[in-house]
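Q: Encoded as structure tokens, here's the structure I'll be asking about.
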Amino acid sequence: MSVRIVTDSSADLPRYLIDQHQITVLPCYVVVDDQTLKDGIEIQPDAFYTRLQAEGRTPTTAQPTVADFQKVYRDLVKQGHQVISIHVSAKLSGTLNSAEQAKASLNDGSQVEIIDSKLASIPLGLVVLEAVSILENGADSHEAAVEIRKNLDLHHGLFSLDTLEYLQKGGRIGKARAFMGSILNVKPILRLQDGEAHPVERPRNLQRATKRLVELVHDLAPVQRLAVIYSTDPTRSATLKQELTALLPAEKIIETRFGSTLGTYIGPHALGVAITQVRR
């Protein structure tokens, strides 16, 4: 019996990796100007960031529905697959809750393993890619789920934001609230930790923030996987990637972009890096 991996669009995985590994991605929803759109399907990043920065209501997001998960799980199980379903942190989204309800509705829920990554965006994507590797090495569904959970502490996400405005408006500010009050004059760096955003540092400009991201990643070396991600500044992302080639060759560093789900909260001019450490 084969095992298929399911995740949600907040993982921000590039399309070529989704296709290459036959990953099922459930789209999250973004509500823009009273339109409810499927992330990555009915709205793409360029159009989303244009609308985000325009005058109007702040976009909101919604998790995939229970019915969305039910259809995916039932179809995959009916085809003879077991399922490992890996998703955005339960502290940041109700996606896990939808997945759990869908699993409970199945005649045989034992065919589905649900994992809270405690992460979001491409750090979640790296957990998904690790799951692919574990399965390719011959693990069954249960063995893979045990190993994935055991290794969650090896995955890290660091993000440089132009402003905390969008995170605050979206209600996902978390521990980063400690930086409020100085958001007009700094470019905050946040770390995903214990399932939510934690403050790290407050560089005074984007150039310094990029430099600090590189230094913070080096502190986590040695690494197995690296990914860089941006919202609206591909040139800055390319610079970050080049600065990280001392840790991994450029061709092994994944490049991707924040979709509308995470873009709603991180805003324009955001930059991030995801790391999978080598177990020390």
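The values are calculated or read from the model by the stated rules, or taken from the named source; none is laboratory data. The shown structure was predicted, so the numbers you read here are calculated from the model rather than taken from an experiment. In this analysis, Cβ positions are derived from the backbone assuming ideal geometry, glycine residues included, and neighbour counts consider all displayed protein chains.
Q: Can you tell me which residue within segment 71-111, out of those that are polar (S, T, N, Q) and touching a residue at least 60 places away in the same chain (Cβ under 8 Å), is farthest from Y29 (Cα to Cα)? Walk me through how you get there before you give the answer.
A: Within segment 71-111, the first condition is being polar (S, T, N, Q), and the residues that meet it are 79, 82, 85, 89, 93, 95, 97-98, 101, 105, 107, 110-111.
Next, from what is left, pick out any that are touching a residue at least 60 places away in the same chain (Cβ under 8 Å): 82, 85, 89, 93, 95.
Numbers: Q82: 26, S85: 18, S89: 16, S93: 12, T95: 11 Å.
Here the residue is Q82.
Q: Quick check on segment 28-54: of everything there that is outside any helix (DSSP H, G or I) and under 22 Å from D233 (Cβ atoms), which residue is farthest from the chain's Cα centre (by Cα)?
A: Kept after step one, since they are outside any helix (DSSP H, G or I), are these residues of segment 28-54: 28-44, 54.
The next check asks that each one be under 22 Å from D233 (Cβ atoms); those that pass are 30, 32, 39-40, 43-44, 54.
Working: V30: 15, V32: 21, D39: 13, G40: 13, I43: 17, Q44: 16, A54: 25 Å.
Ranking the qualifying residues of segment 28-54, first place goes to A54.
Q: Suppose we keep only residues that are buried (at least 16 other Cβ atoms within 10 Å of the Cβ) and of a type outside the set (G, A, S) within segment 32-44. Which one would you say is farthest from D75 (Cα to Cα)?
A: Keep residues of segment 32-44 that are buried (at least 16 other Cβ atoms within 10 Å of the Cβ), which gives 32, 37-40, 43.
Then keep just the ones that are of a type outside the set (G, A, S); that gives 32, 37-39, 43.
Numbers: V32: 30, L37: 23, K38: 20, D39: 21, I43: 25 Å.
Among those residues, the one meeting the criterion is V32.
Q: Please state which one of R208, R202, R236, R225 is closer than 21 Å to A131 by Cβ and of a type in the set (D, E, K, R). Show your work before the answer.
A: On the way: R208 fails: closer than 21 Å to A131 by Cβ; R202 fails: closer than 21 Å to A131 by Cβ; R236 fails: closer than 21 Å to A131 by Cβ.
After applying the criteria, what remains is R225.
Q: Do you know which residues across segment 127-152 are of a type in the set (A, V, I, L, M) and modelled with pLDDT of 95 or more?
A: Residues of segment 127-152 that are of a type in the set (A, V, I, L, M), as a first pass: 127-129, 131-132, 134-135, 139, 144-146, 148, 152.
Passing the criteria: V127, V128, L129, A131, V132, I134, L135, A144, A145, V146, I148, L152.
Q: From the list I122, I114, I134, which one is of a type in the set (A, V, I, L, M, F, W, C) and free of Cβ contacts under 8 Å to residues at least 24 places away in the same chain? Write out each step before concluding.
A: Numbers: I122 fails: free of Cβ contacts under 8 Å to residues at least 24 places away in the same chain; I114 fails: free of Cβ contacts under 8 Å to residues at least 24 places away in the same chain.
The match here is I134.
Q: Give the residues of segment 233-259 that are within 30 Å of L26 (Cα to Cα) and out of contact with any strand residue (DSSP E or B) (no Cβ under 9 Å at 6 or more places or on another chain), sorted by residue number.
A: Residues satisfying the conditions are T235, A250, E251.
Q: Let me ask something additional. Within segment 114-123, is there a residue that is farther than 19 Å from N151 by Cα and crowded, with 19+ Cβ neighbours inside 10 Å? Before the answer, list the steps.
A: Just the residues of segment 114-123 that are farther than 19 Å from N151 by Cα, to begin with: none.
No, segment 114-123 contains no residue that is farther than 19 Å from N151 by Cα and crowded, with 19+ Cβ neighbours inside 10 Å.
Q: Here's something else I'd like to know. Could you name every one of the helices (runs of 4 or more DSSP H) located completely within segment 188-266 that has at least 3 residues being touching a helix residue (DSSP H, G or I) at 6+ places or on another chain (Cβ under 8 Å) and either of a type in the set (D, E, K, R) or farther than 21 Å from K118 by Cα (or both)? Reasoning before the result, please.
A: Details: elements: 206-219, 234-243, 260-266.
Helices (runs of 4 or more DSSP H) meeting the threshold: 206-219, 234-243.
Q: Something else now. Based on what the data block shows, is G174 at pLDDT 90 or above and either within 23 Å of I229 (Cα to Cα) or over 20 Å from the mean Cα position of the chain (by Cα) (or both)?
A: Numbers: at pLDDT 90 or above: no; either within 23 Å of I229 (Cα to Cα) or over 20 Å from the mean Cα position of the chain (by Cα) (or both): yes.
No; evaluated as a whole, the condition is false for this residue.
Q: Still on this structure, I have one more. Taking the stated definitions as given, is G195 surrounded by fewer than 16 Cβ atoms within 10 Å (Cβ to Cβ), within 20 Å of V88 (Cα to Cα), modelled with pLDDT under 95 and under 18 Å from the mean Cα position of the chain (by Cα)?
A: On the way: surrounded by fewer than 16 Cβ atoms within 10 Å (Cβ to Cβ): no; within 20 Å of V88 (Cα to Cα): yes; modelled with pLDDT under 95: yes; under 18 Å from the mean Cα position of the chain (by Cα): yes.
Criteria not met by G195.
Q: Which members of segment 1-31 meet the condition of being of a type outside the set (K, R), free of Cβ contacts under 8 Å to residues at least 24 places away in the same chain and surrounded by fewer than 20 Cβ atoms within 10 Å (Cβ to Cβ)?
A: Of the residues in segment 1-31, the ones of a type outside the set (K, R) are 1-3, 5-14, 16-31.
Now drop any that are not free of Cβ contacts under 8 Å to residues at least 24 places away in the same chain, which leaves 16, 18-20, 22, 25.
Scanning segment 1-31 gives Y16, I18, D19, Q20, Q22.
Q: Given the criteria modelled with pLDDT under 95 and not aromatic (F, W, Y), does R4 qualify? Spell out how you get there, then give the answer.
A: On the way: modelled with pLDDT under 95: no; not aromatic (F, W, Y): yes.
No, not satisfied.
Q: Just to check your reading of the model, which residue among L240, L206, L167 is at pLDDT 90 or above and either buried (at least 17 other Cβ atoms within 10 Å of the Cβ) or on the phi < 0 side of the Ramachandran plot (or both)? Full working, then the answer.
A: Numbers: L206 fails: at pLDDT 90 or above; L167 fails: at pLDDT 90 or above.
Every option except L240 fails the conditions.
Q: Considering only segment 37-54, state which residues are hydrophobic (A, V, I, L, M, F, W, C), in contact (Cβ under 8 Å) with a residue 40 or more places away in the chain and farther than 10 Å from G259 by Cα.
A: Within segment 37-54, the first condition is being hydrophobic (A, V, I, L, M, F, W, C), and the residues that meet it are 37, 41, 43, 47-48, 52, 54.
Subset that is in contact (Cβ under 8 Å) with a residue 40 or more places away in the chain: 37, 43, 48, 52.
L37, L52, listed by residue number.
Q: Would you tally the residues in segment 225-275 being within 22 Å of N205 (Cβ to Cβ) and polar (S, T, N, Q)?
A: Of the residues in segment 225-275, 6 are within 22 Å of N205 (Cβ to Cβ) and polar (S, T, N, Q).
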